[in-house]
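Asks: Sharing a structure with you now.
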Amino acid sequence: MTDLTTRWLGLDLHSPLVVGASPLTDDLDALKACVDAGAGAVVMHSLFEEQLVAEQMAAHRFIDSRINMDAEARSFFPGSEMFEMGSGSYLKRLKRLQGALDVPVIASLNGISPGGWIQHAGELENAGASAIELNLYDLATDPADTAATLEQRQLDVVRSVVEQVSIPVSVKLSPFYSALPAFVAGVEAAGARGLVLFNRFYQPDIDLDQLTLSRELALSSSAELPLRLHAVAMLFNRTGLEMAVSGGVHTGDDAAKALLSGATVVQVVSALLAEGPQALARISDAMSRRLRGIGYNTLAEARGAMSLDSAPDSQTWERLNYARLLHGWH
Ligand SMILES: Cc1cc2nc3c(=O)[nH]c(=O)nc-3n(C[C@H](O)[C@H](O)[C@H](O)COP(=O)(O)O)c2cc1C
């Protein structure tokens, strides 16, 4: 497949492969190399709602800790100064990237409660962001907070951000919703244009030797992809929102599967942090070859061909096969 052009959130992209939100935002040379390697767009790391900063910084202190990667890969991995967050420095970075990269630059906002911070959305638009990715990273820890309250609060945030700007807004979700399609319908009604599926949660572990909590972040593997494929395949044709897969894309086959499930674009982070920008060229070539080999000439033909509506054995996406699968285990 030679023509990889696509449209995401109304933006023309020359490739469906997108650099996902990550510390790479702070390394212009690495981002330029990603664009040379075929990235169709770049998502900046998040600007956080002020109230969340302390909490999020603690959660993200893994940056300084033991990420599993070799020395060469570490050179693509900027230090923790990215987390000194004020909108001023973020906007400066956005303008710099916007001027230096000839692909759309998507800014990322991360917050969970309606409030003054939402005005950052307008600042991002004024600074030249092509779109906003709104990350609803929310962990319910208060027993008084019901799912309904929490979801309504999230939808209020989506609506407030959408009302602030005229650029498109996509919403990055966690996989943990009891009724994802219903929530997605709410996101669409609130005026968003796209979904990014899914957030990858930072999960502390227990260090039994030190009896402390460990803050390591393991990069993803392809094993995390099927959760995304399933969600996208189920939602395809059931939402007017365009969909991006984020999480577990490491190979050309992974990217091809995401598109066949129904994604319009595919975000990559861990593979870039582990391997450097050339990972994108590798994934792009292999994805292209694979899709052409199956017989697709355009991304539009491939998109959703393995979704719940279209896969030849699509009931496999549904729960029907669950009991059979378990009982068939040897
Ligand atoms: C070091 C690191 C920093 C990240 N920072 C952000 C961020 O600021 N905002 C955000 O929405 N996602 C952030 N993410 C999540 C990624 O955008 C992505 O959703 C996740 O890593 C799954 O994709 P992957 O399997 O390709 O890594 C970060 C991920 C990593 C590894």
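The values are calculated or read from the model by the stated rules, or taken from the named source; none is laboratory data. Fair warning: this is a prediction, and the values are worked out from it, not measured in the lab. Methodologically, a virtual Cβ is constructed for each residue, glycine included, from the backbone with ideal geometry; neighbour enumeration extends over all protein chains shown. To get the accessible areas, we keep the full protein, side chains included, count just its heavy atoms, and leave off ligands, DNA and RNA. Shrake-Rupley method; radii C 1.70, N 1.55, O 1.52, S 1.80 Å.
Asks: Taking the Cβ of A281 as the center, what net charge do the other residues with Cβ under 12 Å away carry, scoring Lys and Arg +1 and Asp and Glu -1?
Replies: Numbers: positive: R282; negative: D36, E275, D285.
Overall, the nearby charge balance is -2.
Asks: Could you order peptides 274-281, 1-8, 34-41 by the average number of other Cβ atoms within 10 Å of their residues, highest first?
Replies: Working: 274-281: 20.0, 1-8: 16.0, 34-41: 22.4.
Order by mean packing, descending: 34-41, 274-281, 1-8.
Asks: If you roll a 1.4 Å probe over the heavy atoms of the protein chains, what accessible area per residue do you get for the chain, in Å²?
Replies: On a per-residue basis, 45 Å².
Asks: Right, here's the next one. Residues with beta-carbon under 13 Å from that of L94, excluding L94: net charge, scoring Lys, Arg +1 and Asp, Glu -1? Please list the in-between numbers first.
Replies: Numbers: positive: K92, R93, K95, R96; negative: D26, E123, E125, E133.
Overall, the nearby charge balance is 0.
Asks: Now a separate question. Kindly state, as a whole number, the per residue volume in cubic angstrom of the convex hull around the alpha carbon atoms of region 219-310. Could the numbers behind the result be given before it?
Replies: Numbers: hull volume 7.4 nm³, N = 92.
Per-residue hull volume (Cα only) is 80 Å³.
Asks: Follow-up. At 222 nm, what helix-only mean residue ellipticity would the chain give, in deg cm²/dmol to the nearest 500, using -39500 (n - 2.57) for each DSSP H run of four or more? Don't skip to the answer; put the middle values down first.
Replies: Details: 13 runs with 126 residues, N = 330.
Per the formula, -11000 deg cm²/dmol.
Asks: Please report, as a whole percent, how much of the solvent-accessible surface of region 86-215 comes from carbon and sulfur atoms (probe radius 1.4 Å). The partial results should precede the final answer.
Replies: Details: 3020 of 6020 Å².
About 50 percent, which is the carbon plus sulfur part of the accessible surface.
Asks: Assuming a ≥ b ≥ c are the square roots of the Cα gyration tensor eigenvalues, decide whether region 93-222 counts as rounded (a/c under 1.5), prolate (otherwise, with a/b larger than b/c) or oblate. Don't jump to the answer; show the numbers that get you there.
Replies: Values: a/c = 2.01, a/b = 1.29, b/c = 1.56.
Because a/c hits 1.5 or more and a/b fails to exceed b/c, region 93-222 counts as oblate.
Asks: Of L208, L155, L31, which is the most mobile in a GNM of the chain whose springs link Cα atoms less than 10 angstrom apart?
Replies: So, out of L208, L155, L31, the one fluctuating most is L208.
Asks: Would you mind listing how long region 168-248 runs along its three principal axes, going by Cα atoms, in whole Å with the largest first?
Replies: 50, 24, 24
Asks: I would also like to ask the following. When a/c is below 1.5 the answer is rounded, else prolate if a/b is larger than b/c, else oblate, so apply that to region 6-327 with a ≥ b ≥ c taken from the square roots of the Cα gyration tensor eigenvalues. Let's see the in-between values first.
Replies: Working: a/c = 1.22, a/b = 1.13, b/c = 1.08.
Since a/c stays below 1.5, the shape of region 6-327 is classed as rounded.
Asks: Please list, or write none, the lysines whose alpha carbon is within less than 24 Å of the alpha carbon of K257, excluding same-chain residues fewer than 8 places away.
Replies: In chain and number order, the partners are K172.
Asks: Compute, for the chain, the length of the dipole vector about the Cα centre, with Cβ point charges of +1 (Lys, Arg) and -1 (Asp, Glu) only. Units Debye, rounded to 20.
Replies: For the chain, the charge dipole is close to 760 debye.
Asks: What is the percent carbon and sulfur in the accessible area of region 262-311, measuring with a 1.4 Å probe over the protein chains and ignoring ligands? Spell out each step's value before the answer.
Replies: Numbers: 890 of 1860 Å².
Answer for region 262-311: carbon and sulfur cover 48 percent of the accessible area.
Asks: Membrane-span-like helices in the chain: DSSP H runs reaching 27 Å or more (Cα, own axis), mean Kyte hydropathy at least 1.6?
Replies: Within the chain not a single helix satisfies the rule.
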